[in-house]
1. Mind checking the angle between helix 39-50 and the chain's longest principal axis? C-alpha axes, 0 to 90 degrees, to the nearest 10.
2. Quick one: work out Rg over Rh on the C-alpha atoms of the chain, Rh as Kirkwood radius.
3. Rounding to the nearest 10 and keeping the result within 0 to 90°, find how far the Cα-based axis of helix 15-29 lies from the longest principal axis of the chain.
4. For helix 146-161, what angle does its Cα long axis make with the longest principal axis of the chain, in degrees from 0 to 90 and rounded to 10?
5. Within the range 4-22, list the residues whose amide N lies under 20 Å from a label point set 7 Å along Cα→Cβ of residue 29.
6. Roughly what would the spin-label model give for residue 17 and residue 36, points 7 Å off Cα along C-beta, in nm?
7. Using a ≥ b ≥ c from the Cα gyration tensor of the range 5-47 (square roots of the eigenvalues), is it rounded, prolate or oblate, where a/c under 1.5 gives rounded and otherwise the larger of a/b and b/c decides, a/b for prolate?
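Every number here is computed from the coordinates shown, using simple stated rules; none is lab data. Given the structure is predicted, the values throughout are model-derived calculations rather than measurements. All Cβ positions, glycine included, derive from the backbone under ideal geometry; neighbour counts span all protein chains shown.
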């Protein structure tokens, strides 16, 4: 298993530039163009970082985070985080949307087993964020694809059975985690 750190991507501190440079290099390694790589999701993430996409709710409750390897410094996933108050839920909910994995994984250059490690690392990182930067009682992950639903169903059952959270359930394309 790879050790990952989750970090916020910002213009001011250079993390967004480092992320883009890394993913441009990953696309080049795959023989693909960065501008053609997941343009819809990357445009949303870039728009949040540079302020072109207006946040849903207060700007201090929206951010872009990425999963970075502690070993090679590469970025392996990125997502939008949005802290909201949802009806019928106690406290705040951290929604995770626009999850995108690195070009090296997406184009099959990396070992496919790394995908599961990345998703597990992302969940762990978001849980950490929900206990620090964006304090939340609940976490809702929007899943990328039908294949993710199967992975998160199994992962959610394991988490739920571990008695770490009050509840872990799949609802359509969403994984809902209710913290204790």
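1. For 39-50 against the chain, the angle is about 80 degrees.
2. Here Rg/Rh amounts to 0.95.
3. So the inclination is approximately 60 degrees.
4. 40
5. Zone members listed by number: 4-7, 15-22.
6. 2.8
7. Here the range 5-47 falls in the oblate category.
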